[in-house]
1. Specify, per residue and in Å³, the volume enclosed by the convex hull of the alpha carbon atoms belonging to the stretch B:20-84.
2. Say each of A:E158 and B:R275 gets a label point 7 Å from the Cα, pointing the same way as Cα to Cβ; how far apart are those two points in nm?
3. Would you kindly derive the ³J(HN,Hα) couplings of the stretch A:119-135 from the backbone phi angles with the Karplus curve 6.51 cos²θ - 1.76 cosθ + 1.60 (θ = phi - 60°), listing them in order in whole Hz, with x for Gly and Pro?
4. Hey, rough spin-label estimate for A:E321 and A:A127, points 7 angstrom out along Cα→Cβ, what's it come to in nanometres?
5. Please compute, for peptide B:250-256, the average count of beta-carbon atoms on other protein chains lying within 10 Å of each residue's beta-carbon.
6. Please compare each pair in A:K40/A:K106; A:K149/B:K130; B:K130/B:K225; B:K40/B:K178; B:K40/B:K130 to a cut-off of 29 Å on the Cα-Cα distance and tell me which ones are over it.
7. With each pseudo-label sitting 7 Å past Cα toward Cβ, what's the A:R20-A:R255 distance in nm, one decimal?
8. For B:T199, list long-range residues whose amide hydrogen, built 1.01 Å from N in the peptide plane, is under 5 Å from its own amide hydrogen.
Amino acid sequence: MSGPARSGYARPVPSLDVDRILADPSVRIVVCCGSGGVGKTTTAAALALRAAEHHGRRTVVLTIDPARRLAQSLGLTELDNTPRQVKEIDAGETGGELHAMMLDMKRTFDEVVLTHTDPDRAAEIFANPFYQAMSSTFSGTQEYMAMEKLGQLHARGEWDLIVVDTPPSRSALDFLDAPARLARFLDGRMLRLLLAPARAGGRSMFTLVTASFNVFTKVVQKIIGAQLLTDLSGFVAALDSMFGGFRQRAEQTYRILQAGETAFVLVAAPEPDAVREAAFFARRLSEERMPLAGLVLNRVHHTAVELSAERSLAAAAELDELGGHEATAEALRVHAALAQQTAREQSVAAVFTEAFPGVPTVEVTAQPADIHDVDGLRTVGDALSRR
Amino acid sequence: MTSDPSAAWPARLHVVTGKGGTGKTSVAAALALGLAAGGKRTLLVEVEGRQGIAELFETEPLPYEERRIASADGGGEVRALAVDAELALLEYLDLFYKLGAAGRALRKVGAIDFATTIAPGMRDVLLTGKVKEATTRTAEGRRVYHAVVLDAPPTGRIGRFLNVTAETARLAKMGPIKTQSEGVAALLRSPITAVHVVTLLEEMPVQETVDAINELTALGIPIGKLIVNATRPPLLADARVTQAELRRGLAAVGLPTERGVVAGLHAEAKAHQTRRAMEESLRLELAELGRPMVELPLLPEGVDRASLGKLTAALLTPR
């Protein structure tokens, strides 16, 4: 990142008008993305609630890994992979609805298999140890399945608005990269090479790459053992009929994400890591021509008292010497810490705003406690729309 | 600084985890610096390709190579390593099968990417395997590293990451991967290892800390300390603050006493006390886990190379 990071806001940053997005009937999908621990899930849920209550939209929020108490407050007590209506909302005047669901990665994968193949084949796939491992632990499966579920919800056409929370990945970019990686893997040359011996009568590709392939099988066998290779071949053979389908669906969803009906909302906290991730993601979205609506900067601190940290600390020290003013001295130290934190956060946030001066931003003040009920989500929604 | 940090931090492999955003990378770096004090050598390892160490030390991205990244008090040094699963696999193959150029050819055709991708858990075996190798490496009869500090995956993934045998046993019933993962599993369950969990005094990180400790305990992986990061000084602990009192105090040192300032300071003091009460109850919740706890101060200037020493000092100061 270039430029002085400590200059604060050099120019006014356009502000993100969340209500305009949520009210716009042509916006059908809102994707919340950002690194872990920045309040992505809460932001997604708050936006969905607001869309239902204020804008009368039939909304579904797809959460990936919500905090237990937030999940409970949305009625997500079990992972059943279908949207459930949240009754406790107040949409009497607008007639909106809020539905919520939590992604079940394994079940979504099973559903994909079932839609692409016959029941016998599906049973064979489900029994394969490789499938079992992959459907629950493969890095990238969660992102792929989130995309898949988004595609399913979108295809059903039942919703005015789908709000998606993205998986808590190593990197925010994984949400965009992992599905392609998985599709590439399932569709890949290597897998086809492996599959070649298992295909009866098929034209073997050995002739083309004999040398490297022989080394390859030897290595793979050495590393993972012959049994695994057999399981893998079986899995690949069973999945063969689905390859095209997998890739096609991933590509379809990718195109939906590029369309004007989608709005990406970046979520970050004023911490260097989170802001850096947000910048990576913003750059990537523009490369992919995906519509970035703006940045939500969560957990920002403010002070209304115009008294610098230095002056407060000096005064506190003076009060210590005078004696008899302990409470004031400590209150001044509390203020000094807040003033320092505010200044640091602004300089951290400036790293993003200087790199992307055109990206609309909204700051959400740090809440005194975690959000775990509909009321709390409403408060966040108000803060998001500066009401 | 205390005389011998090893007394308080007896393990040789320190695995540092925590919820995203709790500052585990800076804690891991501070610990690596502390354990290197007094002329020792430590290795700081990252495995997620985030380049968090390079970012913290303001250096170029780390290669898959152990490099000196900082010197510690009393002539010690910290080296850093970013483990890359693909390169670890190539290194491993080279070691056992003398692949040489063939290995590089395999990489070219995508075979290595393929091999590290197909077997879930395989990446983790390779990553932890490299950490094990560094921890146990000797040269001329002496350990190369006094201690290894791993900036590990976050709490949500730590159980799976460290439970390497279970993941690979599902797939590899025999062969070198199985042998390798068993070796790693044994090390991770021995007193050589300690997993430290970094948390903030906030609800979700504390909840994840509790979950991770239960999970690791069930897996038989030794847990070290709870590291409470970014704690605030205990200001206004049990004082009742009134606006009248603030006004008197401000006047005594010639600060403005108009309403906005007094009411503003009063509101900030109240908010601080509310948060403190919540932090206190979270602190109790953590104490109930019965693990040794270390508290690190919130650094108002942010954590960078220059301020890291303060965390190191706090880590090494016995309570």
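1. Expressed per residue, the convex hull around the Cα atoms of the stretch B:20-84 is 70 Å³.
2. Label at A:E158, label at B:R275, 4.2 nm between them.
3. Once θ is set to phi - 60°, the couplings for the stretch A:119-135 become x, 5, 4, 4, 4, 4, 5, 4, 7, 6, x, 5, 5, 4, 5, 5, 6 Hz.
4. That separation, rounded to one decimal, is 8.6 nm.
5. 6
6. From the list (A:K40/A:K106; A:K149/B:K130; B:K130/B:K225; B:K40/B:K178; B:K40/B:K130), the Cα-Cα distance tops 29 Å for A:K149/B:K130; B:K40/B:K178.
7. Each label point is offset 7 Å from its Cα along the Cβ direction, giving 3.0 nm.
8. B:I227, B:V228, B:N229
Laboratory data are not the source of any read-out in this text; all were calculated from the coordinates shown. Since this is a predicted model, take the numbers as computed values, not measurements. Counting neighbours? That spans all protein chains shown, and the Cβs are built from the backbone with ideal geometry, glycine included.
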